[in-house]
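Here's the structure we're looking at; comments come further down.
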Amino acid sequence: NDGRILRLINARHPLLKGKPVPLSVEIGKDFLGLVITGPNTGGKTVALKTIGLLSLMTQAGIPIPAAPESCLPVFDHIYADIGDEQSIEQTLSTFSWHMGNIVRILKEATERSLVLLDELGTSTDPGEGAALAQEILLQFLKRGSMIVATTHFTELKSFAHTTRGLQNASLDFDPVTFRPTYHLTQGIPGGSNALAIAAQLGLPEEIIAGAKQRL
């Protein structure tokens, strides 16, 4: 569409095998920025990649795996900071690599751009990282870019809740099975559930119990 609404209904990343949980998300009507939180291994990065890839497929004229009522804007550019390309050879730390990407995107992004940022503000002091992340989100909002960011920072959840133009979204977690459901719920933040997931992945119970005591 020529408007500013990104709406994906029952969308699926085309590389996922089996019967993946579909993604439904809408951005652009009342807000331009979505901050996705939720458990580790819960699907946050997959959600980012699904939004970006299906937007690119649409602009290339390729039918997308999503319900017919889905619609996508025409973007001038689609930017993504996903993954980790730290380099000993180029003396790049993880934080430096991410900041280098974000600096480039900030120079180029417009009000017609889509910006996808995975784990915004990580790989440094959490307080400074969260503060930087908030200002980066504000800069993209000021220029009118559509932005989707994932995070574990509590400060960013609060920031999205109180900042006009941003909305929280959560990848859900089943409190009974202690497993992620991969279902996205807009309007509420999610928890990281790091201890439960670490236990599921086999971290010794002694460590989990000690961590709970420290919390």
Strands (runs of 3 or more DSSP E) contained in the stretch 110-210 and holding at least 3 residues of a type in the set (A, V, I, L, M) and open to solvent by 10 Å² or more (accessible area, probe 1.4 Å): none
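Condition check ((1) surrounded by fewer than 16 Cβ atoms within 10 Å (Cβ to Cβ); (2) hydroxyl-bearing (Ser, Thr, Tyr); (3) within 13 Å of the chain's Cα centre (by Cα)) across all residues:
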residue: ASN10; (1), (2), (3): yes, no, no
residue: LEU15; (1), (2), (3): yes, no, no
residue: GLY18; (1), (2), (3): yes, no, no
residue: PRO22; (1), (2), (3): no, no, no
residue: GLY28; (1), (2), (3): no, no, no
residue: VAL35; (1), (2), (3): no, no, yes
residue: PRO39; (1), (2), (3): no, no, yes
Some residue of the stretch 44-54 being at pLDDT 95 or above, open to solvent by less than 60 Å² (accessible area, probe 1.4 Å) and not aliphatic (A, V, I, L, M): yes
Index of the failed condition, ASN193 passing every other in (1) under 12 Å from PRO39 (Cβ atoms); (2) out of contact with any Gly (no Cβ under 9 Å at 6 or more places or on another chain): (2)
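The values are calculated or read from the model by the stated rules, or taken from the named source; none is laboratory data. Quick caveat: nothing in here was measured; it's all calculated off a predicted structure. For neighbour counting, all protein chains shown are included, and Cβ atoms are generated from backbone atoms with ideal geometry for every residue, glycine included. Note: areas computed on protein heavy atoms with side chains; ligands, DNA, RNA excluded. Shrake-Rupley method; radii C 1.70, N 1.55, O 1.52, S 1.80 Å.
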